[in-house]
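Q: Here you go, one structure.
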Amino acid sequence: GENVEQHPSTLSVQEGDSAVIKCTYSDSASNYFPWYKQELGKGPQLIIDIRSNVGEKKDQRIAVTLNKTAKHFSLHITETQPEDSAVYFCAASIRWTNTGNQFYFGTGTSLTVIP
Amino acid sequence: EAQVTQNPRYLITVTGKKLTVTCSQNMNHEYMSWYRQDPGLGLRQIYYSMNVEVTDKGDVPEGYKVSRKEKRNFPLILESPSPNQTSLYFCASSLRQGGETQYFGPGTRLLVL
């Protein structure tokens, strides 16, 4: 099955700096790559996603890049703010014709933004 | 308010005592899914359902059962819970087949003694 690896596991940055989280996947059948933010005591919340036919997507301070050849994708957060502090998860999804999307998540990155 | 609800939010039980965690969504979503979250392991998918009566195993289905008799509900059943099923469980839903925004519930923390 699919294997998603995520690095780093923890990341501390100064407020205003950029943060980059990287993920790799193993199955070329994966075609949908969402990123989730999880705040303490809450369920994950989608922050950005990208499909396999797109190389880059941006939404204000957040961007995701996908390199299908190398099987890796990255989350970029610019101008970080203290409220960006949370755990971030990447995921890769394979779509099965008869049953829908199966998801594989990375192990998470705990981001701390230091004021 | 559009949401995914889970009950109970916290549960302590003993080995072998059957339990059900309910999940309900009010967004008319077709896709629903169950995950477990363990420290250092991230989220792992247990089961998912593309629509009523259509379910499939995720990465860690052993020891769990699901049913999807109605569009809005997707209960998770542990027929004979064991301590290794102690975990934080999340239900999620999305509009169609899962390849779009998934909305997660608040989580159910389960302790099996």
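Since every read-out is calculated from the coordinates, none of them should be taken as a lab result. None of these values were measured; they are calculated from a predicted model. Every residue, glycine as well, gets a Cβ built from its backbone with ideal geometry; the counts of neighbours run over all protein chains shown.
Q: When a footprinting reagent is the concern and you count Cβ atoms within 10 Å, what order do B:Met27, B:Met50, B:Met32 take, fewest first? Intermediate values should be presented prior to the final figure.
A: Numbers: B:Met27 13, B:Met50 22, B:Met32 28.
Taking fewest neighbouring Cβ atoms as first place, the list is B:Met27, B:Met50, B:Met32.
Q: Here's something else I'd like to know. Normalising by the residue count of chain B, find the relative contact order in percent from Cα pairs under 8 Å and 6+ residues apart.
A: On the way: 304 pairs, mean separation 40.6, N = 113.
Averaging sequence separation for qualifying contacts and normalising by length gives 36 percent for chain B.
Q: Whole-Hz Karplus ³J(HN,Hα) for segment B:93-102, in order, using 6.51 cos²θ - 1.76 cosθ + 1.60 and θ = phi - 60°, x for Gly and Pro?
A: 9, 8, 5, 10, 9, x, x, 7, 3, 9
Q: Further, regarding this structure: For A:Trp96, which sequence-distant residues (separation of 5 or more, or a different chain) have an amide H within less than 5 Å of its own amide H, given hydrogens modelled in the peptide plane?
A: Answer set, sorted by chain and number: A:Asn101, A:Gln102.
Q: Taking each residue of B:35-48 in turn, how many C-beta atoms of other protein chains fall within 10 Å of its C-beta, and what is the average? Could you put the intermediate results ahead of the total?
A: Working: counts 4, 0, 7, 1, 2, 3, 3, 11, 12, 3, 7, 0, 0, 6.
Partner-chain Cβ atoms within 10 Å, mean over residues of B:35-48: 4.
Q: Can you give the net charge of the other residues whose Cβ lies under 10 Å from the Cβ of A:Leu111, counting K and R as +1 and D and E as -1? Could you put the intermediate results ahead of the total?
A: Working: positive: A:Lys37; negative: A:Asp84.
Summing Lys and Arg as +1 and Asp and Glu as -1 gives 0.
Q: Give me the net charge of A:Thr99's neighbourhood, meaning all other residues with Cβ under 10 Å from the Cβ of A:Thr99; Lys, Arg count +1, Asp, Glu -1.
A: Details: positive: A:Arg95, B:Lys57; negative: B:Asp56.
Net of charged neighbours comes to +1.
Q: When a/c reaches 1.5 or more, the comparison of a/b and b/c decides; with that in mind, is chain A rounded, prolate or oblate per its Cα gyration tensor?
A: Values: a/c = 2.05, a/b = 1.71, b/c = 1.19.
The shape class here is prolate.
Q: Moving on. Could you run the Karplus curve 6.51 cos²θ - 1.76 cosθ + 1.60 with θ = phi - 60° over segment B:18-23 and give me ³J(HN,Hα) per residue in whole Hz, x for Gly and Pro?
A: With the stated coefficients, segment B:18-23 comes to 4, 9, 10, 9, 8, 9 Hz.
Q: List the residues, sorted by chain then number, that are 5 or more residues from A:Glu15 or on another chain and whose placed amide H is less than 5 Å from its amide H.
A: Correct list: A:Ile114.
Q: Which of B:Ser93, B:Ser24, B:Ser33 moves the most in a Gaussian network model of chain B with Cα springs under 10 Å?
A: Maximum among the listed residues: B:Ser24.
Q: Further question on the same structure: Let a ≥ b ≥ c be the square roots of the eigenvalues of the Cα gyration tensor of segment B:37-103; is it rounded (a/c under 1.5), or, if not, prolate (a/b larger than b/c) or oblate? Could the numbers behind the result be given before it?
A: Working: a/c = 2.24, a/b = 1.36, b/c = 1.65.
Oblate is the answer for segment B:37-103, as a/c is 1.5 or above yet b/c matches or exceeds a/b.
Q: Measure out, as a whole number of angstrom, how far apart the alpha-carbon centroids of segment B:68-113 and segment A:63-115 sit.
A: What the calculation gives is 21 Å, centre to centre.
Q: Highest mean first, how do A:7-14, A:94-101 rank when packing is the count of other Cβ atoms within 10 Å averaged over residues? Show your work: numbers first, answer last.
A: Details: A:7-14: 13.0, A:94-101: 16.1.
Going from most to least packed, we get A:94-101, A:7-14.
Q: Near the amide H of A:Ser85, under 5 Å away, which other amide H atoms are found, from residues 5 or more places off or on another chain, if H is placed in the peptide plane?
A: Amide H neighbours of A:Ser85: A:Val113.
Q: Here's something else I'd like to know. If neighbour count is taken as other Cβ atoms inside 10 Å, put B:Ser82, B:Ser49 in order from fewest to most.
A: Values: B:Ser82 11, B:Ser49 23.
Ranking B:Ser82, B:Ser49 by Cβ neighbours within 10 Å, fewest first, gives B:Ser82, B:Ser49.
Q: If you take every DSSP beta bridge fully contained in the protein assembly as shown, what fraction is antiparallel? Give it as a percent rounded to 5.
A: Numbers: 74 of 83 bridges.
If we restrict to bridges inside the protein assembly as shown, about 90 percent are antiparallel.
Q: Size of the dipole of chain B about the Cα centre, Lys and Arg at +1 and Asp and Glu at -1 on the beta carbon, nothing else charged, in debye to 20?
A: With Lys and Arg at +1 and Asp and Glu at -1, about 280 debye.
Q: Go through segment A:93-102 residue by residue and turn each phi into a ³J(HN,Hα) via Karplus (6.51, -1.76, 1.60, θ = phi - 60°); whole Hz please, and just put x for glycine and proline.
A: Along segment A:93-102, the couplings run 10, 10, 9, 9, 3, 8, 10, x, 8, 9 Hz.
Q: For peptide A:49-57, how many partner chain Cβ atoms fall within 10 Å of a residue's Cβ, on average?
A: Details: counts 4, 0, 2, 0, 0, 0, 0, 0, 0.
Counting other chains' Cβ atoms within 10 Å and averaging over A:49-57 gives 1.
Q: Another question, then. Which lysines, on any chain, are close to A:Lys71 with Cα under 26 Å apart, when same-chain ones fewer than 8 places away are left out?
A: Partners found: A:Lys22, A:Lys37, A:Lys57, A:Lys58, B:Lys57.
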